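These notes concern the structure reproduced below.
The values are calculated or read from the model by the stated rules, or taken from the named source; none is laboratory data. Remember, predicted model here, so these are calculated numbers, not experimental data. Here the Cβ is made from the backbone with ideal geometry for all residues, glycine too, and neighbour counts use every protein chain on show. Heavy atoms of the whole protein, side chains included, go into the accessibility calculation; ligands, DNA and RNA do not. Shrake-Rupley method; radii C 1.70, N 1.55, O 1.52, S 1.80 Å.
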Amino acid sequence: MSATTVTTPQELATANPLDDARAQLRAAVELLGYDEGTYAMLATPRREVTVGIPLRRDDGSQEVFVGHRVQHNFSRGPAKGGVRFSEHVDLDEVRALAMWMTWKCALLDVPYGGAKGGVRIDPRRYSPSELERVTRRYTSEILPVIGPDKDIPAPDIGTDERTMAWMMDTYSVSCGYTVPGVVTGKPIALGGSRGRASSTSRGVVHIALAAMESRGLTPARTSAAVQGFGKVGRGVARFLADAGVRVRAVSDVHGAIVADEGIDIPALEAHVDATGSVVGFSGAETLEESLLELDVDVLVPAAVEGVLTAENAPRVKARIVVEGANGPTSPEADMILEANDVLVVPDILANAGGVVVSYFEWAQANQTYWWSEAEVERRLAERMLTTWEQVNSYAGTRRLSLRSAAMAMAVERVVTAHGLRGLYP
Ligand code: NAD
């Protein structure tokens, strides 16, 4: 991979993410001995809303975007999931991401179902005021199906706390009073939780360090590569480096860089803040090969789905893959990595720190009572590491991969809740 010619994950991806999500569900349903009707119930989203979003641009011209909100499951509580602004958004991608949210919430035992939203737009091509208008119109179009007891959006690719502030304000104006619990990932000044912005990355690193320990790797003797330098990847690189891990390579959509002695992450962050990309950082070289195939101990894909495929999985040299992104590994790649004794820590466990602290934010908003950052981080670490132990023990006693174990645990919890509630009518 070079700074100028990057193969995007979308180009690498061979499969529709919904096919991957359904294949994972199928395997869990078979493992648990459930019937075809249960598979069909879990493979089908409960509700899907597709909307047109007209925008008057700053120059007076008009454009229309397509947006979705998919609510996959409500058996364990209100739906929960991020909103993605990307030119690659399509309905099947949003369906897959919504399904993964259901499993993630169930696995971490937060009282939510799963949802996801997306707008097919390249946010880099629009001004802040245009993005505000798109966000507000999207929010008003999906307004009937969201709310603190219905479905609670959060940031994802291409959205951030500012987007959540606009969504919260639009929803609140329509109600006539302020409803902080309608979204999570808000600015702290509007009722956001301390520790939310870094929570996904912190969770990934808690799990990465636990996975390293399970394979006898100490941080000082471990090297890592991180794909993606956004809200998740940047924090992962920083917290891994803080823990003493040598972060050899990082990438973003513009290119990848490598420094064998380890990248100075604070200096790289200053460079990214100034230039908008990791490319051109003076403390590293341009990485000419694929970051995913680099000779490191730990690989953290933290960009988009579908990057580890049957084609490149045989060349992965890392001993541990920690899925910071959602759905980065296809089922075929999973099998290849397992056969090659690569430990894959699945997304629904590894990157669940965001939804755990979103749950803390929602709980704080509903109580209008705020916890300290130390309190949030203590509870996050406890929940992530407890779940890590549970998944490991489930996998160990049944001789399963971590993904099979995590999926089975999550699917079983959703099916139990569904069974207790019964089928209406
Ligand atoms: P983001 O938009 O903040 O960052 C995405 C990063 O990926 C950017 O640095 C972008 O340049 C990079 N990227 C895109 N294409 C790339 C490519 N071809 N090669 C290398 N890098 C590339 O998004 P984010 O919030 O950091 O989300 C990243 C992943 O983590 C997504 O899969 C998302 O669903 C998942 N996730 C995010 C959260 C969260 O709290 N933000 C929580 C759980 C999971």
E285-D160 FRET efficiency (beta carbon distance; Förster radius 35 Å; 0.05 resolution)
0.70
Based on alpha-carbon centroids, what's the gap between the range 321-364 and the range 115-150 in Å, whole number please?
26 Å
Scaled to the compact-protein estimate 2.2 N^0.38 Å, what is the alpha-carbon radius of gyration of the range 110-171, rounded to two decimal places?
1.12
DSSP beta bridges in the chain [antiparallel fraction, %, rounded to 5]
50 percent
Measure off 7 Å from each Cα along the Cα-to-Cβ vector at T368 and R399, then give the distance between these two points in nanometres to one decimal.
5.8 nm
So if each residue of separation counts as 0.36 nm, and I subtract the Cα-Cα distance between H254 and A270, what length gain in nm does that give?
4.1 nm
At a threshold of 8 angstrom on Cα-Cα distance, excluding pairs fewer than six apart, so keeping six or more, what relative contact order does the chain reach in percent?
18 percent
Cα centroid separation - the range 280-315 against the range 218-241, whole Å
12 Å
Full-extension gain in nm, A23 to V66, via 0.36 nm per residue minus C-alpha separation
12.8 nm
From the square roots a ≥ b ≥ c of the eigenvalues of the alpha-carbon gyration tensor of the range 212-281, which class results: rounded (a/c under 1.5), prolate (a/b over b/c), or oblate?
prolate
Sort 120-128, 294-302, 177-185 by the packing proxy (mean of other Cβ within 10 Å over each peptide's residues), most packed first.
294-302, 177-185, 120-128
Mind listing the long-range amide H neighbours of V89? Cut-off is under 5 Å, sequence gap 5 or more, other chains count too, H placed in the peptide plane at 1.01 Å from N.
I121
In Å², rounded to a whole number, the accessible area per residue of the range 45-186 with probe 1.4 Å is 34 Å²
A 1.4 Å probe over the protein heavy atoms gives the range 45-186 a carbon and sulfur accessible-area percentage of 49 percent
Net lengthening on full extension, S214/S140 (0.36 nm per residue, minus Cα-Cα)
21.9 nm
Å² per residue, accessible surface of the range 194-303 at 1.4 Å
38 Å²
Expected-Rg normalisation [2.2 N^0.38 Å, Cα atoms] applied to the chain:
0.93
Which entries of K80/K104; K150/K231; K186/K231 show an alpha-carbon separation above 20 angstrom in the structure shown?
K150/K231
In this structure, the FRET efficiency calculated for D242 and S127 from their beta-carbon separation, with R0 = 35 Å, to the nearest 0.05, is 0.50
Convex hull volume per residue for the range 45-186, taking Cα atoms only, in Å³
93 Å³
